[in-house]
Structures are given as C-alpha cells and as structure tokens.
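Asks: Okay, handing you the structure first.
The values are calculated or read from the model by the stated rules, or taken from the named source; none is laboratory data. Here the structure is a predicted model, which is why all the values come from computation and not from measurement. Reconstructed Cβ throughout: ideal geometry from the backbone, glycine too, with neighbour counts over all protein chains shown.
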Amino acid sequence: MPAIYNPLPQQSRVTVQHIELVGKKMESNGFLFSDDGQPGSFQRQKSFFDTEPLNKSANPPSQRPPKRNPPKQQQPAKANGLSKKYSVTQLTRLIKLAIANNLPGKITVEGEISNFKRHGSGHLYLTLKDANSQIPAVMWKNAAGKVKFTVADGMAVVATGHIDIYEPQGKYQFYIDKLEPVGKGALELALRELAEKLRKEGLFAPEHKKPLPPYPATVAIVTSDTGAAIEDISKTLHRRYPIARKLLMPVAVQGENAAPQIAQAIIKLNKLNKELGPIDVIIVARGGGSIEDLWAFNEEIVARAIFASKIPIVTGVGHEIDVTIADMVSDKRAATPTAAAEIAVPVLDELLNTVSQWQLRLGRAINQRHNLAVAALRDLSNRPIFARPFDAIHFKQQQLDELTSRLTQRLTAVLTQIRRQLENDTAILRQIEPHVALARASSRLSEQTHMLQIAMREQCRHKQHLLDNAAIRLRAASPLRQAQNQRAILTELTNRVSRALKQFIQSREQRLDTSVKRLESLNPRTVLGRGYSITRIEATNAIITAQNTPQPDDIIITELADNATIHSKVTKKNSSE
C-alpha cells in the first residue's frame, strides 16, 4: 500500500493527514522531477545590433568589441616581398576567424521569413530578409523543438543567435538559438494555435465531457507536494468530505519537465486505477502565476492525457482569470484549486441531513403501507369465499352442467336444421340439373360444416377460458386438488363432445356421399361415359325422341362424354314404316 504522505509542518498536518503518496520523487527517470529552475523570459532582449552598428565611423573605439588577432600560423606572410598564397579552405577559415573575433557571440535580428523549409532531420532552414538585404539562417533541431508557434513564410520574427561561416559552400549563415514572432508573444501565439488545433479535433466538445461521480470514494490529486495548492485542496476535502480517500501524485507544476510529469501522472493513475482504488475523480491543480508559470498546463501532451483519461478530471489552475488548455479539455473547470476540491466532492453534513430526512420519510411510508396491508388482509379474510371456498366450485359445476345441456341442445338444433336443409336440397336437385345443384349443395354443406366446427371450437374455447379463469381464482383461495379434479372432468367432457362431433360429422359425410352417388346414378349424363350419347335439336334444344324427330335441314347436336359435342345437319328423313 502507498505510504501516508505529510508534506506540511507538524502544526498544519491536520489538513493532509489522510493523503497517500503515489510514487516518489526521482531526479533522472523522466517521470517525477523536482523543479528548481525558473522559466525563461520570452521577451526580446537587446543585442549588439540594437545598440551598436558595425560601422566603424558610427562608434567610438572604446565601445567596440575587443579585437582578437588570429593565430600566428594564419597571419599573412611575405616571401621575397610577395604576399603568401592561400588555398580556398585557408581563406575560408581566415574569414571565419575574423567573423568570430570581431562579432559578438549573440546577435538579435528582426526580419521576414522566406524560403522556409523543415528538414526531415528536424532542422529548420530559412532566409531572413528586409527591404534591402537577406541572410540565410539555420535553426538546429534541439532549438527548433522549443519554438511554440508554427513557422511559415512571410512571418515577421525576431531571431537571436550568432554568425558563422559554412565552409563547404563558403557562405556565412545566421545560426538561430531563439525565435519569436513580432507583435505577439510566442506563448500567446502558440496558445491560440494549439487551442484552434484541439478545437478542430473535438477535444473541447461537450459530448466528450465525462460526468463527475456524486459520491467519490477515492480522489487523486496531481499537483506539487510543496505549495499552497495541496494545502488548500487537502483542507477543503477534509472539511467537506472527510470520508474520501485521497491520493497525491506529486509533480512539478512549472518548468520544462512539468508538462511530461503531469501527463505521465494522469496516465499512471489510469493504469493503476484498479490497483489503487478504484479512483473516482482526479484533481489537476496549481496556484496562480504568470502565463509562463502556468504554461505546463497549455502543453499538448497534457491536453491529450486529460482527454484520454477514463477517470473524470477536474482542473483548478491559477485564479479566476487564468484559463488554460487543460481547463478547456478537462471534464470540469474550477477557478482555483480550492474550487476544484469543492466541485469534486459533496458536503458530507448535507448528505447526512438528506439521508436522515429520507429515512424519516421512508419509515412513515413503510408504516402507512403496513397499516393498509393489514386492513386489506382483514377485509379479505371476512369475505365469504374464504369462509366457504367450495361454494364457488359447486357454482362452477352447476354452470358447466347448464352449458353442456345448452351446447347439446344447440348441436341438436343445428344438426336438425342441416338435415332439413339437406332434404330440401335433395328434392330440389331431383328437379334441376343434378351436377350443378350437387356442387352447390356440397359447397353449402362444407361451409355450414366449417361454421359448425368454428362455432363448436369457439364455444369450447370460451368455456375452457371461463374454466381456466375460475381455476386460477380458486387456486389462490381453495384446495388445489378440487380444482384439478374439475379440470379433469372438463377435459373429459370436452373430449367426449369432440369425439361425438367428429362421429356426427363423419356420419353426415357418409350420408352425403351416399346421396351424391345416388344422384350421380340418376344423372342421365352418367351413361354417356359408357358409350351413350344425347342428341338435341339446336333450334328447340329438345331431346330427339320417337315423338320429337328432326326435320330435313335441321341442325342437331350430339353430346358425348367429357362435354364433347357433334353438330350435324339432317339432309334426309327416313320413314320407319
């Protein structure tokens, strides 16, 4: 378990007595560093070119930089009254020494950037120019990494560095150590550029803000272990919510190492979340200061660590007027470290008062529900159904007997009506074309049979439904065995009715088949299938008989099996005499 950490003197330790220290200070591992340095100034400094131009006539000798002579081996020598000959390399080195000995070691130049190029190695190559002149310039990778704004062509800048000769090409170059924009401070410009970049990526979007837990059990604090911020946060947490467990991740809050330490602390707390807690909320805070002092909280690495955190983060950086990138990315921004602690935890006394009020309300509600339940139970126990539970069963049995009788009468009436209808249809079929009437009667019989089946099923289903409802009600208030017996009786009666209905339908179908066969035997067209034919006179549609014979030129129609016909014309009539 992490050790208890007390960073304050004995007389004030009451405010941080329950803060646990996560990790420990290290000097060279790149994670938790102690910061003894002061942030550098980003304002333009005066240089040699600002006060002393190189024109010899414009400066008294006493104000010029001391002149250093080149080494003796590089001095021009004479041989036989003639000047010594130099190689190109020797001449270039002489010029380099002259520049080094006669120009100050640090020069500040103001100009406009052109021909800007960022090499793959990280070095910057550009040209500084004004209305009349230009000079090539180089900025090495380690210095370029400290530039807080985006370098581009056409930008007016102030560059600080020194002049030297690039021997391979024999040209002088300005080697830049520090670069700042003209007009706006470098930090302000870098802040605006980073804010715009992160805004386009959606890091400030409200939908990415995580809600804070209402009752955090563990609160992690990322701040310096020395200073007023940790003391204010500890006092506030102890005053408002003393039951919360507090973890301190000490980091530097200003300087070059501050931003990596803050980001690594947030990442580490997320990785150790289950092991340390879990952690419900993280407070990232520091006291007030200048923009340079607060710059660690404007670094992109800190913003992305806050955005990637699975644990909600509350930031309290500086004072009310100080707004950093970390504040805009965090889930909740507080004006000060103390306000951050107030936002992170509730007031325990208020919660206890609320719980007490709810406890009283709950007790009253339980008593009221109990009294109502007792009254309802007393009312139910006095009802007749509990005094004589079998009365309901007997009543349902009587209802079942009545329904069975009514169902039998109804079936008998329906069957009688069907029988009469069938007899009427049979009589009608004998008087008309038998096959048409037979098909019509068969269709009507099928429809009525189907309707009868539907009606019987509906009656059975309805009675079954009534019985099921009665069984459910009786099961809750009467012996279960009686209800099961009644259900068995009803099932047996239902089966009997179904079997009787099936047998009745089968007998009716058999009688119908018999009637159909009789009608088909009486149908004169049936004999056509055995080779006979029926011949009619087309004009009168009368069948040719001995009494009704066609005349010459009459058209006669001979009907054969399968509705085939033969049309003929009488050309001659023979006498039977």
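Asks: Quick check on segment 123-144: of everything there that is surrounded by fewer than 13 Cβ atoms within 10 Å (Cβ to Cβ) and out of contact with any Ser or Thr (no Cβ under 7 Å at 6 or more places or on another chain), which residue is nearest to A190 (Cα to Cα)?
Replies: Among residues in segment 123-144 that are surrounded by fewer than 13 Cβ atoms within 10 Å (Cβ to Cβ) and out of contact with any Ser or Thr (no Cβ under 7 Å at 6 or more places or on another chain), the one nearest to A190 (Cα to Cα) is N142.
Asks: Just checking, how many residues over segment 79-132 are closer than 23 Å to M155 by Cα and of a type outside the set (K, R)?
Replies: Final tally of qualifying residues: 23.
Asks: For R406, state whether it is at pLDDT 90 or above and within 57 Å of the chain's Cα centre (by Cα).
Replies: Against the criterion (at pLDDT 90 or above and within 57 Å of the chain's Cα centre (by Cα)), R406 does not qualify.
Asks: Here is a check on your reading of the model: is A156 among the hydrophobic types (A, V, I, L, M, F, W, C) and outside the structural domain of A326 (by TED's automatic domain parsing)?
Replies: yes
Asks: Right, here's the next one. All but one of (1) loosely packed, with under 12 Cβ neighbours inside 10 Å; (2) modelled with pLDDT of 85 or more hold for S57; which doesn't?
Replies: The number of the failed condition is (2).
Asks: For residues in segment 290-306 being over 17 Å from R333 (Cα atoms) and more than 29 Å from the chain's Cα centre (by Cα), which is modelled with the highest pLDDT?
Replies: Looking at residues that are over 17 Å from R333 (Cα atoms) and more than 29 Å from the chain's Cα centre (by Cα), I get D293.
Asks: OK, next. Given (1) surrounded by 21 or more Cβ atoms within 10 Å (Cβ to Cβ); (2) under 17 Å from I230 (Cβ atoms), where does I306 come up short, assuming only one miss?
Replies: Result: I306 fails condition (2) only.
Asks: Go through segment 483-498 residue by residue and tally those that are among the small types (G, A, S) and either at pLDDT 85 or above or exposed (fewer than 12 other Cβ atoms within 10 Å of the Cβ) (or both).
Replies: 2
Asks: Could you tell me how many of the residues in segment 118-141 are polar (S, T, N, Q) and farther than 22 Å from P104 by Cα?
Replies: 2
Asks: Let me ask another. In segment 200-226, how many residues are free of Cβ contacts under 8 Å to residues at least 24 places away in the same chain and touching a helix residue (DSSP H, G or I) at 6+ places or on another chain (Cβ under 8 Å)?
Replies: Of the residues in segment 200-226, 1 are free of Cβ contacts under 8 Å to residues at least 24 places away in the same chain and touching a helix residue (DSSP H, G or I) at 6+ places or on another chain (Cβ under 8 Å).
Asks: For G318, all conditions in the list (1) closer than 23 Å to I221 by Cα; (2) at pLDDT 90 or above; (3) small (G, A, S) hold save one; what is the number of the exception?
Replies: Unmet for G318, out of (1) closer than 23 Å to I221 by Cα; (2) at pLDDT 90 or above; (3) small (G, A, S): (2).
Asks: Only one of these is modelled with pLDDT under 90, more than 14 Å from V109 (Cα to Cα) and buried (at least 18 other Cβ atoms within 10 Å of the Cβ): V147, V151. Name it.
Replies: V147
Asks: When the residues of segment 540-568 are filtered to those that are among the aliphatic types (A, V, I, L, M) and modelled with pLDDT of 85 or more, which remaining residue is surrounded by the fewest Cβ atoms within 10 Å (Cβ to Cβ)?
Replies: I566
Asks: Could you please let me know if R440 is modelled with pLDDT of 85 or more and assigned to a helix (DSSP H, G or I)?
Replies: So R440 does not fit the description; no.
Asks: Does L407 satisfy being under 30 Å from T449 (Cα atoms) and either loosely packed, with under 14 Cβ neighbours inside 10 Å or out of contact with any His (no Cβ under 9 Å at 6 or more places or on another chain) (or both)?
Replies: yes
Asks: Between K268, K332, K274, K246, which is at pLDDT below 90 and either within 30 Å of the chain's Cα centre (by Cα) or closer than 16 Å to P216 by Cβ (or both)?
Replies: K274
Asks: Can I343 be described as in a helix (DSSP H, G or I), over 14 Å from V222 (Cβ atoms) and of a type outside the set (F, W, Y)?
Replies: The answer is yes for I343.
Asks: Here is a list: V345, V323, V317, V281. Which entry is buried (at least 23 other Cβ atoms within 10 Å of the Cβ), among the hydrophobic types (A, V, I, L, M, F, W, C) and within 21 Å of L194 (Cα to Cα)?
Replies: V317
Asks: Oh, and also: Among A375, A413, A427, which is over 30 Å from A470 (Cβ atoms) and either touching a residue at least 24 places away in the same chain (Cβ under 8 Å) or among the small types (G, A, S) (or both)?
Replies: From the options A375, A413, A427, the qualifying one is A427.
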